[in-house]
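**Student:** There's a structure below that I have some questions on.
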Amino acid sequence: MAISALVIVTTTIPYKKRNAELSEEQFWRDVKQRWQEAQTRARVEGKATFIYLTSRSKREIRFEYHTDSGKKVTEEVLLPKQLHVASNEDMVKIYKNGYVSPRTWSFVSKATMTNYDMKIQMGWGGYYVQKTAVWGFPAG
């Protein structure tokens, strides 16, 4: 009985960690896709996009812009359950010329023991994500 429990525990923990890693990777791919769409909208169509970081109830990154007819379009990227916002709620605007004010949004994953700092770059409107380990564990 004890051996069965040990086998279940030792196989379940790596499985859960791998699922958490995959959901975090998918989250960052989705954010990248939406962000690049916002950059393209700014450069090609001359349209601004507002990007909101929400932490309390919705736990999402929300992208909002207006179509030529004035209709507001909202697209959300939900944070995986194990990923938490470590920053205050915030808003970034990608201006119609592609400019964005610099700042850092921070996230922490309790499942993969990883800190993510999303460093939004001034001028060109891009960002990069810096991963560091939490509590002395190896990052992700």
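Computed from the coordinates by the stated procedures, all read-outs in this text should not be read as laboratory data. Given the structure is predicted, the values throughout are model-derived calculations rather than measurements. Cβ placement follows ideal geometry from the backbone for every residue including glycine, while neighbour counts extend to all protein chains displayed.
**Student:** So which aspartates and glutamates pass the test for residue 81, namely a Cα distance under 19 Å, with those fewer than 8 places away in the same chain ruled out?
**Tutor:** 21, 24, 25, 30, 60, 89, 117
**Student:** Assuming R0 = 22 Å, can you tell me the calculated FRET efficiency for the pair residue 56 and residue 81, based on Cβ-Cβ distance, to the nearest 0.05?
**Tutor:** Efficiency computed from Cβ-Cβ geometry: 0.90.
**Student:** Once phi is turned into θ = phi - 60°, what whole-Hz ³J(HN,Hα) does the Karplus curve with 6.51, -1.76 and 1.60 give for every residue of the range 79-92, x standing for Gly and Pro?
**Tutor:** Calculated HN-Hα couplings, in order: 6, x, 4, 7, 9, 10, 7, 9, 9, 6, 4, 8, 9, 10 Hz.
**Student:** What ranking of 28, 124 emerges when the number of other C-beta atoms within 10 Å of each C-beta is taken as an exposure proxy, fewest first?
**Tutor:** Values: 28 16, 124 10.
Ascending number of Cβ neighbours within 10 Å: 124, 28.
**Student:** Determine, for 104, 54, 114, the number of other Cβ atoms within 10 Å of each Cβ, and report the residues in order from fewest to most.
**Tutor:** Ascending number of Cβ neighbours within 10 Å: 104, 54, 114.
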